[in-house]
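Asks: Would you mind keeping the following structure in view while I ask a few things?
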Amino acid sequence: MPLKSRTESKEFRIMKSLNGRMQLSSDDKQHYLNLKKGYEGEVKFDSLTASLDSKFYILNDLLLKSNNTTFQIDSLLITQALIILCEVKNYEGDYYYKDDGFYMCTNSKEITNPLHQLHRSETLLRQLLQKQGFNLPIDGNLIFIHPEFFLYQAPQNKQIIFSPQLPSFMKNLSAKPSNLNGNQRKIADFLLSAHITDSPYTQVPTYEYGGLRKGCKCGVCDSFDVICGERKIRCMNCGSEETIELAVLRSTEEFILLFPKQRITTNMIHDWCKVVKYKKRIRNILLTRYILVGHGKYSYFETTK
Ligand SMILES: [Zn+2]
């Protein structure tokens, strides 16, 4: 296990939920697809570094603040003599490099230069660590993980790692000495404590309860095409089954994610899940995970968090 694992960000989870429950504008849809693709690329990179877990301290997906600037690090490996910072991009298709800029071949549209992004993170991390008295050198890498990404006129920059170069990149990494001592652990612990949980930069459209599609989604394929039997909910799209209890609790967690200030009541979740006929069933399920507050029709549920 890495010291810090990656989980889907709150923004990504909200966008994923909204994508199924409302018509997103084309910009929001694109934003959601970018988040999805980015996350998939990062997870793929995690699966490569996982084998180095016993050698180095690995911290995935860090959000830090230095000089009043928040910055994100996709993947960080603390080795004996070096901190290896990786910015992972899951771009796909043909791009070209010109005058310090990255452009898409299809429409010559310029994209944010990921090398600038990498240098910014490197500088901010260096400043943050130096303030704490940590002086391990930092080696930044820009990883293009998608096998179908191509960059014409690519600069000969050692920091850029293309998909076909990943095996040798990983080989070099695993050849590095792994005699970690207390100092590296201190750096890891400091970064873990400095990690910010909630990103201030989220781009989520406004939404209201009334405008969202209700219903339990299939836990496997996200389809709303489910039917509720005695004990189980069955997906008509992919055929998978789930107990009603699990489906309701998962849907309730989704409701809490979208409406954190809304009181959780039996009526509310009954309406939200749609497919479960009896309110009493919903109430009994909610009682298994949440704490009932108050009595009668004014009662509601609270999370234990
Ligand atoms: Zn399904």
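Asks: With the requirement that a residue be assigned to a helix (DSSP H, G or I) and of a type in the set (Phe, Trp, Tyr), what does the range 153-180 give you?
Replies: Once the filter is applied, which keeps residues that are assigned to a helix (DSSP H, G or I) and of a type in the set (Phe, Trp, Tyr), the range 153-180 yields only Phe169.
Asks: Let me ask something else. Go through the range 153-173 and give me each residue that's touching a residue at least 24 places away in the same chain (Cβ under 8 Å) and among the β-branched types (Val, Ile, Thr).
Replies: Listed by number, the list holds a single entry, Ile160.
Asks: To continue, here is another question. If a residue has to be over 20 Å from the mean Cα position of the chain (by Cα), away from the ligand (no atom under 16 Å from the Cβ) and not in a loop (DSSP other than H, G, I, E, B) to count, how many in the range 181-228 make the cut?
Replies: 12
Asks: Could you list all residues from the range 106-123 that are over 16 Å from Phe45 (Cβ atoms) and in contact with a Leu (Cβ under 7 Å, 6 or more places away or on another chain)?
Replies: The answer is Leu115, Glu122.
Asks: Of the residues Asn172, Asn237, only one is away from the ligand (no atom under 14 Å from the Cβ) and either farther than 18 Å from Asp271 by Cβ or not charged (D, E, K, R) (or both); which?
Replies: Asn172
Asks: If Lys176 satisfies all but one of (1) without any contact (Cβ under 8 Å) to a residue 24 or more places away in the chain; (2) touching a Ser or Thr at 6+ places or on another chain (Cβ under 9 Å); (3) farther than 23 Å from Lys65 by Cα, what's the number of the condition it fails?
Replies: Failed condition: (1).
Asks: I'd like to check something: does the range 140-151 contain any residue that is in a loop (DSSP other than H, G, I, E, B) and crowded, with 17+ Cβ neighbours inside 10 Å?
Replies: Taking every residue of the range 140-151 in turn, at least one turns out to be in a loop (DSSP other than H, G, I, E, B) and crowded, with 17+ Cβ neighbours inside 10 Å.
A quick yes/no check of all residues on (1) in contact with a Ser or Thr (Cβ under 9 Å, 6 or more places away or on another chain); (2) modelled with pLDDT of 95 or more; (3) of a type in the set (S, T, N, Q); (4) surrounded by 19 or more Cβ atoms within 10 Å (Cβ to Cβ):
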| residue | (1), (2), (3), (4) |
| --- | --- |
| Ser5 | no, no, yes, no |
| Leu24 | no, yes, no, no |
| Lys37 | no, yes, no, no |
| Lys44 | no, yes, no, no |
| Ser54 | yes, no, yes, no |
| Thr69 | no, no, yes, no |
| Ala81 | no, no, no, no |
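Asks: I want to confirm something. Restricting to the range 56-73 and keeping residues that are touching a helix residue (DSSP H, G or I) at 6+ places or on another chain (Cβ under 7 Å) and in contact (Cβ under 8 Å) with a residue 60 or more places away in the chain, which single residue is nearest to Asn179 (Cα to Cα)?
Replies: Tyr57
Asks: In the range 240-253, what count of residues is obtained for those that are of a type in the set (D, E, K, R) and more than 14 Å from the ligand (Cβ to nearest atom)? Write out each step before concluding.
Replies: First, the residues of the range 240-253 that are of a type in the set (D, E, K, R): 241-242, 245, 250, 253.
Now drop any that are not more than 14 Å from the ligand (Cβ to nearest atom), which leaves 245, 253.
Counting residues in the range 240-253 that are of a type in the set (D, E, K, R) and more than 14 Å from the ligand (Cβ to nearest atom) gives 2.
Asks: Being under 26 Å from Arg289 (Cα atoms), in contact with a Gly (Cβ under 8 Å, 6 or more places away or on another chain) and of a type in the set (Phe, Trp, Tyr) narrows it down to one residue among Phe255, Phe224, Phe259; which is it?
Replies: The match here is Phe224.
The values are calculated or read from the model by the stated rules, or taken from the named source; none is laboratory data. Please read these numbers as outputs of a predicted model, since none were measured by experiment. Quick reminder, even Gly has a Cβ in these numbers, built from the backbone with ideal geometry, and neighbours come from all protein chains shown.
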